[in-house]
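Okay, so here's the structure we're looking at.
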Amino acid sequence: MEQLIVQNISCVYDKSIVSLDAVSFTVGRNECICIAGANGSGKSTLLQIIAGCIKSASGSVIINGVPQKANAQNKACGIVFQNPEDQLFMPAVWEDVAFGIMKKGVKSEEARALALAALKSVEAEELADRPPYKLSGGEKQRAALAGALIMEPDILLLDEPTASLDPRARKNIIGLLKKICCTKIIATHDLDMALELARRVVFLHKGRIAADCPAPGLLLDEGFLQGIGLELPLGLIPRSGIF
């Protein structure tokens, strides 16, 4: 049985702007797929609908055989937003990581221990007592990831996890994602990351699925990529010399 079934999802803003148009696909258990597309293609909206953060105009999301209720956050999903600062607002990092389980009734002492374990799993335990506003971009991304993982989600949703990271932080995040054993759906226009992580790529263009194929597949097709506003992965572009 497929773990996630997205059926004919459509979303409209301001009664006229179509963000998603009849999007359908499935994801198997422990599969890692990338949702690839240019800015404005609908990637973030799609992830938030799957997570239950926003409501679609039509269609359905089924996870583990259970239909997602409209306007109900899906507890089977953990989401890491494109801007990790959207998830970091407490005085100390460990409190941000533990926020979700404390809302479920876990007491402070146990919550801190679980938060430290979650931070250790993303190689960030040294950040526990630091204020989030003093973290680097890569550190914020790891803290936000720990906050999602502590909830033990069946499906991990990541929105542009390498955006705005320097090369070393980007490499670290990709390495961490390789180690995480659960279903992963990654929205990105970082096609080099898609080549490293994804078994499959769903390409979005202007709110519709342009293609759904095994990786690398169309990640190597320059003409197709340019047609949907993307470029070949940087690692595949021939270098003409040193300037």
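Each reported figure results from applying straightforward, stated rules to the coordinates on display, with no laboratory input. What you see is a predicted model; the values in this text were computed from it and never measured. With ideal geometry, Cβ positions are generated from the backbone for all residues, glycine too; neighbour counts draw on all protein chains shown.
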- Message: Report, in listed order, any pair from Lys75/Lys103; Lys134/Lys171; Lys103/Lys134; Lys140/Lys179 with a Cα-Cα distance greater than 23 Å.
- Response: Lys103/Lys134
- Note on the structure: Using alpha carbon centers only, segment 13-66 is separated from segment 142-186 by a whole-angstrom value of 19
- Task: Name the shape class, rounded, prolate or oblate, that the alpha-carbon gyration tensor gives for segment 86-126, where a ≥ b ≥ c are the square roots of its eigenvalues, rounded holds for a/c under 1.5, and otherwise prolate holds if a/b is larger than b/c and oblate otherwise.
- Result: oblate
- Report the local net charge at Ala169: Lys and Arg +1, Asp and Glu -1, summed over other residues whose C-beta lies under 9 Å from its C-beta. +2
- Considering the alpha-carbon set of the chain alone, what are its Rg and its Dmax in angstrom? 18.2, 59
- Task: Neighbouring Cβ atoms within 10 Å as the yardstick, rank Lys55, Lys184 fewest first.
- Result: Lys55, Lys184
- Message: Pick from Gly52, Gly217, Gly37 the residue whose mean-square fluctuation is largest in a GNM of the chain, springs joining Cα atoms under 10 Å.
- Response: Gly217
- Tell me which residues come under 5 Å, amide H to amide H, from Thr183 once H is placed; ignore anything under 5 positions away on its chain. Asn30, Leu156
- Item | Calculated [θ] (222 nm, deg cm²/dmol) that DSSP helices of n ≥ 4 give over the chain, each run adding -39,500 (n - 2.57) | -9000 deg cm²/dmol
- For the chain the mean separation of alpha carbon contacts under 8 Å (6+ apart) over residue count, i.e. relative contact order in percent, is 25
- Where labels lie 7 Å past Cα in the beta-carbon direction, separation of Asn64 and Thr26 in nm: 1.9
- Task: Could you work out which residue, out of Thr26, Thr45, Thr188, moves most in a Gaussian network model of the chain, that is, has the largest mean-square fluctuation with Cα springs under 10 Å?
- Result: Thr26
- Item | Computed lengthening from Ala92 to Asp166, 0.36 nm per intervening residue step minus Cα-Cα distance | 24.3 nm
- Query: Based on DSSP H assignment, which helices of the chain show an axial Cα extent of at least 15 Å together with a mean Kyte-Doolittle hydropathy greater than or equal to 0.5?
  - Reply: 93-103
- Once the in-chain neighbours fewer than 8 apart are removed, the lysines whose Cα is under 27 Å from Lys206 read Lys15, Lys43, Lys55, Lys69, Lys184
- Message: Between Cys213 and Lys55, what is 0.36 nm times their sequence separation minus the Cα-Cα distance? Round to one decimal in nm.
- Response: 54.2 nm
- Take Ser10, Ser44 and order them by how many other Cβ atoms sit within 10 Å, fewest up front. Ser10, Ser44
